[in-house]
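Pasting a structure below so you can have a look.
No value in this document is a laboratory result; all are computed from the given coordinates. Remember, it's a predicted structure, so these values are computed and weren't measured experimentally. Here Cβ is always computed from backbone atoms with ideal geometry, including for glycine, and neighbour counts include all displayed protein chains.
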Amino acid sequence: MSPVLLTSLKREEQGLAVRHDTMDRNPVPVTVVPHGTEAFTGRIVTERVGALRTSTVEAGAQLVRRTKSHIERSPERLMAVGVQTTGRTVLVQAGRQVTADPGDLFVYDTSRPYFLDHPEHFSVHVVYIPRHALAVSDEALDSIAGTAFTTGQGCAAVLKPVLTIVATSAHTLSASTTNGLVNGLIDLFATLVAERHEGPAEGAATTRHHLVRCVRRHIDENLGDPALSPESVARAHHISVRYLHRLFEDEGITVGRLIQRRRLERCAYELARRGRTMPTVSAVAQRWGFVNPAHFSRVFRGAYGLSPREWRALRHQSGATTRTADQHAGTEVTDPFRQSVR
């Protein structure tokens, strides 16, 4: 983490000092010109988070300018997405001028000139995403440069808290959690681009599809957690339980049923495996999130027509393929480790 503090600078010292420190510390070179005649104060904290770079800025009124000469010195194309926490940001890029108020997101392209005018004391979190990390067309990225979004609904509502966590707390999290957040943020930003480029109807469908995929992936990655539930899933994705259930209205299964089905599939697969040492049925159940053995046996029999012990004995005795044993049990089950996440 790299903090920069600028305090009590005289007017004649401000331009040089701010320009020098910002050029050195900001993820991309820019020129900063303070507004007004009051002493200028400011703070910049930058960090690398996986493939991303982050910047948290709190400062007095100022104008930030990135010109062609800046771009020539650092030509890497980064898409910057910021969340306004206090004050305002007036963004000018690609012939567009937008204002981000507290809570809003704003997006710009560092490979093109831009102005960021902060007319009052402000604070922002900005995440810089490399162009090569985005499976998005140049046309779509051009459509989002120099834009701002309210965060009351749609993909922006989901992206905002993830962006804030990555910018402020990633250094306190485990490596696996951080990687998950980084990948999720990149995916969410790509969805936001699609939402803007394709139009509200198509964008909403894209957002829904992406969130369903994220939820399914989250469930598969956390099946062993006994606390996994619709409530915990909604919390992890910063959405309400009601909205989570709405997402799955067209999926043919509820979130609670999906969790149970995926756990049963993992248990069935593991019980059927041969090996020198075989875990007990209760150990397999606990490994995949079932804390009550009696409940596990009941739901397993309901799904497969056999008790867990009968299932294991049948599979080991016959040496049958997964499909043959499933048919014998009256239920066809796909090997969960070959099943792709929808």
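Expressed as a whole number of Å, what is the distance separating the alpha-carbon centroids of segment 24-90 and segment 112-128?
Going from one Cα centre to the other spans 6 Å.
Can you report the principal axis dimensions of segment 209-290 using only the alpha carbons, biggest first, rounded to whole angstrom?
46, 22, 17
R0 = 22 Å: FRET efficiency of residue 168 with residue 135, Cβ-based, nearest 0.05?
Approximately 0.25, to the nearest 0.05.
Express in nm, to one decimal, how much length is gained between residue 236 and residue 222 on full extension, taking 0.36 nm for each residue of separation and deducting their alpha carbon distance.
3.9 nm
Still on this structure: By how many nm would the segment from residue 177 to residue 112 grow when fully extended, if each residue of separation counts as 0.36 nm and the alpha-carbon distance is taken off?
Full extension of this stretch gives 20.1 nm more.
I need the calculated FRET efficiency for the pair residue 229 and residue 301, taking r as the beta carbon distance and R₀ as 25 Å, to the nearest 0.05.
It comes out at approximately 0.65.
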